[in-house]
Amino acid sequence: MGVRRTVPVALDVDSDDAVLLEDTVDTFLWSAQYVVDHAFQGEYVTTSKTTLDDETYDDVREKTDGFNGGLVQAARNKAAEACKSVVARWKNGKKASKPEFTSPHVVYDKRTATFHDDYVSLATTDGRIEADYVLPDEDSDTPHSEYLFSDEYEITGAELHSQDGDWALYVHCKMDVESDTSEPATPKNGTVLGVDLGVNNLAVTSTATFWTGDEFDHWRREYEKRRGSLQQCGTRWAHENIQSVGRKEEGRFTLLLHRISNELVAEARENGCSVIAFEDLTDIRERTGASWGHKWAFDRLYEYVEYKAAEYGISGELVDPENTSRRCSHCGFTHPDNRDGEVVECLKCGYENHADYNAAKNIGLRYLRRNQTGGDGGAPLGVRLNSGSLNVNGGYSPASSEVRTGVHAESHRFSGG
C-alpha cells in the first residue's frame, strides 16, 4: 500500500528559462488538446490511452517539431483522463462538454524531471533547464522536510504551474507501507473540508461534491402518505402499522445517512483533510426552511461523520453559520442580494457559482480563520476545493492532479452534480 502526498515548491526561474517554460506550457496544452479533439471525432469518445497513443503520438511529435516524447505521453495521459471524466459524467446523467485545456501547467515524470537537493532539471521544448527551489527556513517543520526531503518518501513526478509570472512545482511523493497497515494516517497539517447542509441538497462540500435531497424527500413524502392513510382508519391495527411505518422510515433514512457519512469521510481522506467543518445546527430550521425530518437527518449525519472520521484522525467541527450563504467566498463581500435562489453572484467582484458550494467554502474558511493562530503546528493549511485549496487569506493554490477543463472550476456557475 502507498501513502501519497503532494508538496508545493516555488521555483527561481530566470527570464530566459521562463520563456522556454512558457513555450513548453503552450506546447503541452496544445498537445493535450489535440488528443482530446481526436478522441471526440468519432461516434464514440475514445478513452483508451493505448489507442490514443497509437493514433496521435506521431502526429503530435511531427506538428510540434519533435516535442519531448515523455511530455507528449504525459499530455496524452492528461487528455485520456479528461475524456474518461466526461464519459463518466454522461453515464451518471450529468452534463459535461469536451475538455478545453487552458490553465497553464505541465505534467512531469521521472523521465522528464530530475529532482536534486537544491534544484530541479526540467525538460522543455529546447533541451533542459535548471531551476532552484525557493524553500522556507530549514529549521521550520514543513511538508518539504516531512515529505520532499524525507528518505521515507519517493518522488514520483510533479506538475509545473504558472501564475502571474511565478513558477511552482507540485511534487508527488509516495511512501510504501506494510500491507497490514490498512489505513494511512491523516497528515498533521491537512486541509479543511467545508460542508453545507440544506433542503435541496442535503450536503455539499467545498470540493464541489453534492448529495441531493431528492431521495430523502421522495421517501419522506411516501411515508407521510402512508401514515396519513392509516390515521384515517383510526383502528388499533392502523395505529400499530403507523408505528411500523415509522420504524421502516427511520431504518431507511439511517442507511442513507450512513452511506452519505461514509462518502463524506472518504472525500476528506482522499483530499488529505484533517478537519470536516459543518455549520452549527442550532436554528438550522429557521435558516433553511427545513422540516423536523431534515433537522433529524442533519443531526444524525453530523453524528455519524464525527465518530467515523475520528477513526482516521479527522475531527468533525461546527462553526457559526451566519452569512455563509450571503458572503462571497472569492472576495469576502457580504450582502443579502449576493444570493438569488441556488446561485450566488457577488455584487462587488462578480464571482458566480452555486450558492451551496459557495457556502461550503465559507464554512471551511470560517473554521480556518477561527483556528489559524500561526502557533499551532497542527493547524490546517487551507480549505480543500475541487480544483485546489484556499489559504486563510483566501489565496488560491491549484491542485496538482485535477482535470482542467478551462479556467479554475470555482469561476464557473455550477451546472451539474
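Here the simple spin-label model places points 7 Å from the Cα toward Cβ, and for Lys110 and Glu222 these points are separated by 5.2 nm.
Estimated at 0.36 nm per residue, the fully extended path between Asp151 and Asp14 surpasses their Cα-Cα distance by 46.3 nm. A simple spin-label model places the labels of Arg370 and Asp117 4.5 nm from each other, with each point 7 Å out along Cα-to-Cβ. Can you compute the modelled spin-label distance between Leu347 and Asp166, with each label point 7 Å from Cα toward Cβ, in nm? Inter-label distance under the simple model: 3.2 nm. Run the reach check for Lys95 against lysines, Cα to Cα strictly under 21 Å, same-chain hits fewer than 8 apart removed. What comes back? Lys95 reaches Lys78, Lys84.
Each value in this text was obtained by applying a stated rule to the coordinates, not by laboratory testing. These numbers come from a predicted model, not from an experiment. A quick note on method: Cβ atoms are made from the backbone with ideal geometry, for glycine too, and the neighbour counts reach across all protein chains shown.
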